[in-house]
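First comes the structure, then the notes that go with it.
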Amino acid sequence: MDTSYRQPREEYLAGSDRMGIGPFGLYLHFPFCPYKCTYCDFYKLIFNQQRQAAFFDALAVETELAATAYAETGLRIATIFVGGGTPSMLNIDRFAAWLEQVKQLFTVPVGLEFSFECNPDSVSVDLFQALKDLGVTRPTVGIQSFQPELLAPLGRPHQPADSQRAIYLANAIGFYSFGVDLIFGLPNQTTAQLSVDLDQLVDLRPPHISYYQLTVEPETPMERHVAEGRFRLPDESLSLAMYQAGVERFQEAGYTRYEVSSFSLTGHQCRHNLGYWRGRDYLGLGPSAHSFMRGRRYANVADLDAYIDALTKGKRPLAVDESGHLERMTEALMLGLRTSRGIRREEFQRRFGLPVDSRIDLDQQAVLVDAGYLTVSDSALRLTDLGMAMADEVTRRLLR
């Protein structure tokens, strides 16, 4: 595929390659979708124009209240990520007005990484051009699979042609960087079907790939369908083989695994997500959005009516406050171990005032090292390739 029209690398990296340039990442949760996927447990509503207008009215109030709450910090943004829901169906004029408000209230460096989630069937030339004009540098497309028979159980109506077209347009419009999501371990999926998905994705060569295993979340239609025997999911050994097949295919094609589920070509790591994994502050706006600011962790109410009601009264729509020191150390270990960088001892000590060893089981550490899942040095703890494939289980055993 001809990628000559991509945004110049220098333009994309201006300001955004300096991880420490800003004190926090900004996340916006757009809570509307055109349909509900069977496996998704994120907070979302079926799209409605009037409800969208009310959401943007409330968001303007929340943005101003958040800026006031952190005014003393300098309000410098490092990255922006718009997720959902299906942000690619939002009203572009209302979105542009919100971005203008953000620029007035916060410091937004030129060229910062700006990610925006899209469904393949909602991508168009006009949408991508409008997003690029507004400063989006990194659209991400939720392809999940290139095969209709695998998409149907997920409740995803898009077709392979939609996915291929979305990647073509990302190149043609001139985005230097963009990402694609692929899911494995789908209902009734075979290794032959997975191989087809992997080959098609690598042939399209997106700069970034997120490669996730399907998770059956509680109280979702997918959970009910599996319990009723309508869908058969791969067992643990087959799921592990599918993960390793993806890892090998991507690495052969020149991608680097920098986190358990994240693969990129050189220069295309998602800096916003790296901020999460490295413990950088982030501010979440919109119903159900989570934040971690100045040592305090909290979440907004996961209810649009309650969200709007609180902001109509001039109050921030906060629901959860989890600011315990031990919990934050545990989370830092869990997230850090998922990355190829691992846990840096000096950084952990500086951040929490305690050594890494104070939060891990040293006996289990020795067992995991001997078994080839973990490497330990004076400077860092890292999962091996084998450990990456079993990251959740290894981390569970390691933590005290």
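Here's the yes/no breakdown for (1) in a helix (DSSP H, G or I); (2) modelled with pLDDT under 95:
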{"residue": "Thr140", "(1), (2)": "no, no"}
{"residue": "His158", "(1), (2)": "no, yes"}
{"residue": "Ala170", "(1), (2)": "yes, no"}
{"residue": "Leu201", "(1), (2)": "yes, no"}
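Has segment 103-113 got at least one residue that is open to solvent by 20 Å² or more (accessible area, probe 1.4 Å) and of a type in the set (Asp, Glu)?
No, the conditions are met nowhere in segment 103-113.
So in segment 173-203, with the set limited to residues that are polar (S, T, N, Q) and touching a helix residue (DSSP H, G or I) at 6+ places or on another chain (Cβ under 9 Å), which one is surrounded by the most Cβ atoms within 10 Å (Cβ to Cβ)? Steps first, please.
Of all residues in segment 173-203, those polar (S, T, N, Q) come to 177, 188-191, 193, 195, 200.
Next, only the ones that are touching a helix residue (DSSP H, G or I) at 6+ places or on another chain (Cβ under 9 Å) stay: 177, 188-189, 191, 193, 195, 200.
Working: Ser177: 27, Asn188: 13, Gln189: 24, Thr191: 12, Gln193: 17, Ser195: 14, Gln200: 17.
Only one residue tops the list, namely Ser177.
Can you go through Leu333, Leu386, Leu311 and tell me which one is of a type in the set (A, V, I, L, M, F, W, C) and touching a strand residue (DSSP E or B) at 6+ places or on another chain (Cβ under 8 Å)?
Working: Leu386 fails: touching a strand residue (DSSP E or B) at 6+ places or on another chain (Cβ under 8 Å); Leu311 fails: touching a strand residue (DSSP E or B) at 6+ places or on another chain (Cβ under 8 Å).
Exactly one of Leu333, Leu386, Leu311 is of a type in the set (A, V, I, L, M, F, W, C) and touching a strand residue (DSSP E or B) at 6+ places or on another chain (Cβ under 8 Å), namely Leu333.
In segment 44-62, which residues are among the hydrophobic types (A, V, I, L, M, F, W, C), touching a residue at least 60 places away in the same chain (Cβ under 8 Å) and either open to solvent by less than 40 Å² (accessible area, probe 1.4 Å) or not in a helix (DSSP H, G or I) (or both)? Steps first, please.
Step one: of segment 44-62, the residues among the hydrophobic types (A, V, I, L, M, F, W, C) are 45-47, 53-56, 58-61.
Then keep just the ones that are touching a residue at least 60 places away in the same chain (Cβ under 8 Å); that gives 45, 54-55, 58-59, 61.
Within segment 44-62, Leu45, Ala54, Phe55, Ala58, Leu59 qualify.
In this structure, does Gly314 turn out to be out of contact with any Gly (no Cβ under 6 Å at 6 or more places or on another chain) and among the small types (Gly, Ala, Ser)?
Working: out of contact with any Gly (no Cβ under 6 Å at 6 or more places or on another chain): yes; among the small types (Gly, Ala, Ser): yes.
Considered against the rule, which asks whether it is out of contact with any Gly (no Cβ under 6 Å at 6 or more places or on another chain) and among the small types (Gly, Ala, Ser), Gly314 comes out as yes.
Tell me yes or no: at least one residue of segment 269-278 is open to solvent by 10 Å² or more (accessible area, probe 1.4 Å) and over 30 Å from Glu64 (Cα atoms).
yes
Consider Thr137 against the criteria (1) under 19 Å from the mean Cα position of the chain (by Cα); (2) free of Cβ contacts under 8 Å to residues at least 60 places away in the same chain; (3) surrounded by 21 or more Cβ atoms within 10 Å (Cβ to Cβ): it satisfies all of them except one. Which criterion is unmet?
For Thr137, the exception is condition (2).
Taking segment 282-316 as the search range and keeping residues that are within 30 Å of Arg338 (Cα to Cα) and in a loop (DSSP other than H, G, I, E, B), which one is most open to solvent (accessible area, probe 1.4 Å)? Quick ask: steps written out before the conclusion?
Quick first cut of segment 282-316, residues within 30 Å of Arg338 (Cα to Cα) only: 282-302.
Going one step further and asking which of them are in a loop (DSSP other than H, G, I, E, B), we end up with 286-289, 294-295, 301-302.
Working: Gly286: 0, Pro287: 0, Ser288: 26, Ala289: 3, Arg294: 102, Gly295: 27, Val301: 33, Ala302: 61 Å².
Going through the qualifying residues, I end up with Arg294.
For Phe81, are the conditions met, namely being modelled with pLDDT of 90 or more, among the aromatic types (Phe, Trp, Tyr) and more than 21 Å from Ala299 (Cα to Cα)? Full working, then the answer.
Working: modelled with pLDDT of 90 or more: yes; among the aromatic types (Phe, Trp, Tyr): yes; more than 21 Å from Ala299 (Cα to Cα): no.
Spelling it out, it is not the case that Phe81 is modelled with pLDDT of 90 or more, among the aromatic types (Phe, Trp, Tyr) and more than 21 Å from Ala299 (Cα to Cα).
Give just the number: which of (1) of a type in the set (Gly, Ala, Ser); (2) assigned to a loop (DSSP other than H, G, I, E, B); (3) closer than 26 Å to Glu149 by Cα does Gly279 not satisfy?
For Gly279, the failing item is (3).
Conditions: (1) more than 22 Å from the chain's Cα centre (by Cα); (2) of a type in the set (Val, Ile, Thr); (3) over 25 Å from Pro31 (Cβ atoms). Val260 meets all but one. Number of the miss?
(1)
Look at segment 143-172 and say how many of its residues are under 17 Å from Pro34 (Cβ atoms), open to solvent by less than 10 Å² (accessible area, probe 1.4 Å) and under 20 Å from the mean Cα position of the chain (by Cα). First the steps, then the outcome.
Step one: of segment 143-172, the residues under 17 Å from Pro34 (Cβ atoms) are 143-144, 151-152, 154-159, 162-163, 166.
Still in the list and also open to solvent by less than 10 Å² (accessible area, probe 1.4 Å): 143, 151, 154, 158, 163, 166.
Right, trim to under 20 Å from the mean Cα position of the chain (by Cα) and you get 143, 154, 163, 166.
Adding up the residues that qualify gives 4.
Among the residues of segment 330-348, is there at least one that is under 20 Å from Phe55 (Cα atoms), charged (D, E, K, R) and either open to solvent by less than 70 Å² (accessible area, probe 1.4 Å) or in a loop (DSSP other than H, G, I, E, B) (or both)? Quick ask: steps written out before the conclusion?
First, the residues of segment 330-348 that are under 20 Å from Phe55 (Cα atoms): none.
No: segment 330-348 contains no residue that is under 20 Å from Phe55 (Cα atoms), charged (D, E, K, R) and either open to solvent by less than 70 Å² (accessible area, probe 1.4 Å) or in a loop (DSSP other than H, G, I, E, B) (or both).
Return the residue satisfying two criteria in turn: it lies in segment 24-37 and is part of a loop (DSSP other than H, G, I, E, B) and within 19 Å of the chain's Cα centre (by Cα), and of such residues it is modelled with the lowest pLDDT.
Lys36
Inside segment 384-400, can you point out the residues that are closer than 11 Å to Leu240 by Cβ, open to solvent by 50 Å² or more (accessible area, probe 1.4 Å) and assigned to a helix (DSSP H, G or I)?
Leu386, Glu393
Name the residues in segment 223-255 that are aromatic (Phe, Trp, Tyr) and farther than 30 Å from Arg205 by Cβ, would you?
Residues of segment 223-255 aromatic (Phe, Trp, Tyr): 231, 243, 250, 255.
Passing the criteria: only Phe231.
The values are calculated or read from the model by the stated rules, or taken from the named source; none is laboratory data. Predicted, not measured: the structure shown is a model, and the values here were computed from it. Cβ coordinates were reconstructed from backbone atoms using ideal geometry, including for glycine residues, and neighbour counts include every protein chain displayed. The accessibility values were calculated without ligands, DNA or RNA, using every heavy atom of the protein model including side chains. Shrake-Rupley method; radii C 1.70, N 1.55, O 1.52, S 1.80 Å.
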